[in-house]
1. At 222 nm, what helix-only mean residue ellipticity would the protein assembly as shown give, in deg cm²/dmol to the nearest 500, using -39500 (n - 2.57) for each DSSP H run of four or more?
2. For the modelled label position 7 Å from the Cα of B:Ile428 along Cα-to-Cβ, which residues of the range B:230-253 have backbone nitrogen atoms closer than 14 Å?
3. So which aspartates and glutamates can A:Lys134 reach, going by Cα to Cα under 16 Å and dropping same-chain residues fewer than 8 places off?
4. Counting every Cα pair in the range B:289-501, what percent are over 21 Å apart?
5. Would you give the gap between the C-alpha center of the range B:97-174 and the C-alpha center of the range B:386-417, rounded to a whole Å?
6. To the nearest 10 degrees, how steep is helix B:20-38 against the longest Cα principal axis of chain B, on a 0 to 90 scale?
7. Which value in nm describes the separation of the simple spin-label points at A:Ser152 and A:Glu2, placed 7 Å from the Cα toward the beta carbon?
8. In Å and on Cα atoms, what radius of gyration and Dmax does the range B:113-169 show?
Amino acid sequence: METVSFILFSFLGALVMVGSIGTVWSRNPVTSALFLVLNFFALGGIYLLLEAQFIAVVQVIVYAGAIMVLFLFTIMLLNLDDEQALKEKFDLQKGFGILLGGVLLVEVLYILGLKINLPQKSTTLTPVEIGEAKNIGRELITNFLFPFEIVSILLLLAVVGAIVLAKKNFSPNT
Amino acid sequence: MPNNLPEIIEQVKLSLGAFVPEISLSALFLLVITLDMVLNEKRVVIPMVSLVGFVITGFFTWQQLDMPNQEYFLRMHVVDPFAVFFKFLFLGAGALAVLITMDSEELGEKNVANIGEYYAVLIAMVLGMFLMASASDMLMMFLALELVSISSYILTGYLKHQIKSSEASLKYIIYGAVSSGLMVYGMSLIYGLTGQTNIYEIAKFISANEVDEVTLTLAALLVMGGFGYKIGAVPFHFWSPDVYEGAPTPVTAFLSVGSKAAGFAMLIRFFKVAIPAEPTGELAFDWVNFFALIALVSMLLGNFAAIWQSNVKRMLAYSSIAHAGYLLLGVLVADDLGTQAVMFYLAAYTVMTVGAFYVVILIANKIGSDDVNDYRGLGKRMPLTAAALTVFLVSLTGLPPTVGFIGKYMIFTALLGKGTVFLTLAIIGVLTSAVSLYYYFKIPLNMYLRESEDGAETPMESSAFANALAAFLMILTIGFGLFFTPLANFAKNSVIMLVMN
């Protein structure tokens, strides 16, 4: 069992990496977006290995499904096939990006090397049960009721904002 | 956290009583959206409804003054004098923003067909600020910050037909998304280190256990990225000149006072509570020196970059970066005196900055420009407006007898007697204030001592209402400068923050 999950993890991890490198590397925006889909799917698989079924499903539905469709739609709408148009010229920007990425990488490696003893949360549920939609839903409307309600206001605001900014005939002069 | 259902229901019921101001604001938000859909004539009714709503919310907030300091909603939301002070500040800034919007040609009938949603989004932003001041859990901090950020993006891009406004909004979104991302990453590291999201529990864990200092420092730096973006301090300031210039001026005024104050409220609570000084006097993460550096760079860059600006809104943007530096000086002292000074200064800053932007609006209504070179000869043509602007600029510089002077005085005195580093910072603060005199006074210089190019001298006074509001803000600026004791006492009594129990 251990070996099976290790092999699966290695495989999915490699896919995640191929996906993210491909996203940055490929010149064609559509290919880039498709690599990102690969990345999202592989990440969903890793969530499954961690026994978080709900997050895995949400990952696939929301990111790989809805958001990526939106991405591809926008790319095709803007007709960004021309690779020259997207070429970056700012070397300073690139250098800064590499620096920042390097710092984050070192940081992650450093943190991975730490031994952290976390206090165990008192729960009677097994890891598999925690990942169930039913239990996540119960947490949302009990312990996390307040943030849940605030999110509803946040979403309403976002909807209002999207309509305001997308509405036509906004100005009587134009 | 309690696990059984009846206990949770009991707690939520109890918490609702401490949430009345926010409920009132949410109701107002929904009411304004509804009114916007059913009314035909919105230009007067909706601002009036918003103002009445703010007054009612103010009444509920006032009732919170006597409430016990406590955490509510399963330890997500705090009510204490510190939060209540900031809530009053946000309501005042919000009400002023509504008032100055009513007079703005930029957002007037000619340019914007539908203004109803503008007020709705503004109210949502005030609600987000309320939550920022009260958040005691990293999850709530993030959500409240996003509520404020998203409303800011919408308001900044409200003038859709103007490329500048849309550009500012887009830049704001990109910078905002990056800083929120950094902040959430930092928060996730803190959660990973301590296993807690509640700031009081984090503090408890850090003082009781060994945590890795390098990781904690990195996490705190990343969190600071999110806060620094809200308060507009260097090096997270890149968005502010463009956004201040491109946004409709009433929005700029509200962003520069409201957003900044909310950022400071959250920053002070987070760093004072979650990463407190240990009994030995050592900080788990030495944020004092880090803040000293940010404050120093902000004061220098803000004041010196402002010298070269000829657009008044841009100049005020750089000046607001410098003010973030002064305010950070008060935070890094990390005692009650410093916090009190910050709170006083934020209140003072609200009055004088909204005043300055309001006058910029009035002038732009008449001459259609924000450029300082077009202000020539305005001293004769708009005497009251020009006088008011001069008073606000004197106050922003920090000269007596204005409220800005008292604010700066309080911050600098809080730094005295704490050591050479603090003394040096105070001296640099005073010196950079002297630099700010140079660029602030370019405006009165143009208004009073230079003739306009076409030699026009016809008076162009604004409406009686506009004059009254400008005069009112001017009187507040001088009045609080002379009789500052009530405001200072209010700030002093409001320093009380719920600390670790």
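1. It lands at -23000 deg cm²/dmol.
2. B:234-235
3. Counting by Cα, and skipping residues close in sequence, A:Lys134 has these aspartates and glutamates nearby: A:Glu51.
4. Details: 12227 of 22578 pairs.
Result for the distance tail: 54 percent.
5. 28 Å
6. 50 degrees
7. According to this spin-label approximation, the distance is 4.8 nm.
8. When restricted to Cα atoms, the range B:113-169 yields Rg and Dmax of 13.0, 40 Å.
Each value in this text was obtained by applying a stated rule to the coordinates, not by laboratory testing. Source: prediction; values computed, not measured. Glycine gets a Cβ as well: all are built from the backbone with ideal geometry, and neighbour counts include every protein chain shown.
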